[in-house]
1. Looking at region 390-415, which of its residues are out of contact with any helix residue (DSSP H, G or I) (no Cβ under 9 Å at 6 or more places or on another chain) and either buried (at least 17 other Cβ atoms within 10 Å of the Cβ) or closer than 26 Å to residue 241 by Cα (or both)?
2. What pairs can you find where one residue is in region 126-143 and closer than 13 Å to residue 173 by Cα and touching a residue at least 40 places away in the same chain (Cβ under 8 Å), the other is acidic (Asp, Glu) and in a loop (DSSP other than H, G, I, E, B), and their Cβ atoms are less than 8 Å apart, with a gap of 6+ or different chains?
3. Give the residues of region 70-84 that are farther than 22 Å from residue 139 by Cα and touching a strand residue (DSSP E or B) at 6+ places or on another chain (Cβ under 8 Å), sorted by residue number.
4. Is it fair to say residue 99 is modelled with pLDDT under 95, out of contact with any Pro (no Cβ under 8 Å at 6 or more places or on another chain) and either more than 23 Å from residue 213 (Cα to Cα) or not aliphatic (A, V, I, L, M) (or both)?
5. For region 194-214: of the residues being small (Gly, Ala, Ser) and over 15 Å from the mean Cα position of the chain (by Cα), which is surrounded by the most Cβ atoms within 10 Å (Cβ to Cβ)?
6. Filter region 233-255 down to residues that are surrounded by 11 or more Cβ atoms within 10 Å (Cβ to Cβ) and not in a helix (DSSP H, G or I), then give me how many there are.
7. Looking at (1) among the hydrophobic types (A, V, I, L, M, F, W, C); (2) assigned to a helix (DSSP H, G or I); (3) touching a Cys at 6+ places or on another chain (Cβ under 8 Å), find the lone condition where residue 342 falls short.
Amino acid sequence: MKPLSITQWRALAATDPAEWKHLLADNLAKCIENTGRSVLSASIVDACELGEGVLSGVPYAVKDLFDVAGLATHNSSILPGLLEHRAEASAEIVTHMLKMGASCAAKTQMNEFAYGLSGENPHYGDCAHPHLENCLSGGSSSGSAHAVAAGCLPLAFGTDTGGSIRLPAAWCGIYGIRWKPHYFMGGGFPLAPSFDSMGWFTQTSEDMRVMLNAWFEKSAQPLDRPLKGKCFLPRDLVLPETYDAVDRYFQNLELTPIKQFDELRASLPDCQKAFNVLQSREAYDIHEPWLDKYAALYDPQVRARILRALEWTPEDVEQAGRSTEKVSQWFDSYFETHDFLAMPVCPSASVPVGEAKPELREQTLQLTTPASLAGLPALTIPVWLDSPRSVGIQFIFKEISPVVPLAILELCENT
């Protein structure tokens, strides 16, 4: 399907509302026809109404851990209590988007309970890459990334706990942003509340810019000085072709490596371990009431990740706290003189299902968990290896504000 930009969707709604509704319904129907249930968990196009506001005419989807009034929030699971309960009120992001005139058209599938990075789901089908045959979309916000990358919708929301927006954005060749934990997470089912962060995907840089300006109502002034940032590219954590492509991108941006490379590099395994400890403990606290009764209904990989919480020692938990404090202090010091840190998101482009090994997950987490532990926002920019294989760069920044990400977009567009 030929993708329309956010601006084009708005124009079509203004000039021909009937054609807008027809095109939206056709896009969603084709998505379901092409992917079965692996991308969309619910199409609600029949209930879509055109609102008034800066995003009037913009259809979007939400990851199916966010509540939409009147619909069940499945979390891409098959637990009876979730399938049978309909939300009484919509999540904060849905309410906010309604005020801006946008139309929620669908809910999207994910790794069950958002606990995964691959897009695999034994209940509804593995979420395929939108362009690479037999490859995965990345997760856990798999359906949202697929819907945008395939041109079905111009915008979709996801969550990122340990990379669940950053990795699918990188693998699907689209733009993704994650904000900070707790920001607009009301009405979202938690995975690990200390780390869960909402964000969204767009297909283009221009759409990301439009969305940033709309979300923040152009409340921030542009950066009134040169953007300051450096790059970090650990050769041993990425494949050679990823290293070469990301290195060329950094050179085009005229970014220099950080002087504290050795200190940050040495902390990455500790960040990964700390995140695994803390995330699984928080997830276990949430799922403990269900595990005895419904353990057999869980994705076995998700169940195993949750139950790891029972294996950690007090020393593991204490060390995880120290590692979190250390990396947070490192970023605090770094952001005293810089606006962003750019580093790769993933070791490689998308892989087939059989190659989504635990080693790939853990290697990816070494790249994504420093920002997660420090609770920092990140903007993901796609970097192409060839057509249609891509990886991504995460531009980690400090504040919930559009100023730095808008400046980063401008920087990348001018190279």
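1. 403, 404, 407, 408, 411, 414
2. As it stands, the answer is 136/120; 136/126, since those pairs meet every condition given.
3. Within region 70-84, 70, 71, 84 meet the criteria.
4. On the way: modelled with pLDDT under 95: no; out of contact with any Pro (no Cβ under 8 Å at 6 or more places or on another chain): yes; either more than 23 Å from residue 213 (Cα to Cα) or not aliphatic (A, V, I, L, M) (or both): yes.
Considered against the rule, which asks whether it is modelled with pLDDT under 95, out of contact with any Pro (no Cβ under 8 Å at 6 or more places or on another chain) and either more than 23 Å from residue 213 (Cα to Cα) or not aliphatic (A, V, I, L, M) (or both), residue 99 comes out as no.
5. This residue is 214.
6. 6
7. For residue 342, the failing item is (2).
For (1) modelled with pLDDT of 95 or more; (2) assigned to a strand (DSSP E or B); (3) among the aliphatic types (A, V, I, L, M), each residue gets a yes or a no:
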| residue | (1), (2), (3) |
| --- | --- |
| 354 | no, no, no |
| 369 | yes, no, no |
| 388 | no, no, no |
| 391 | yes, yes, yes |
| 404 | yes, no, yes |
| 407 | yes, no, yes |
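The values are calculated or read from the model by the stated rules, or taken from the named source; none is laboratory data. It should be emphasised that the depicted structure is a prediction, and the values quoted were computed from it without experimental measurement. Every residue, glycine among them, receives a Cβ derived from its backbone with ideal geometry; neighbour counts consider all protein chains shown.
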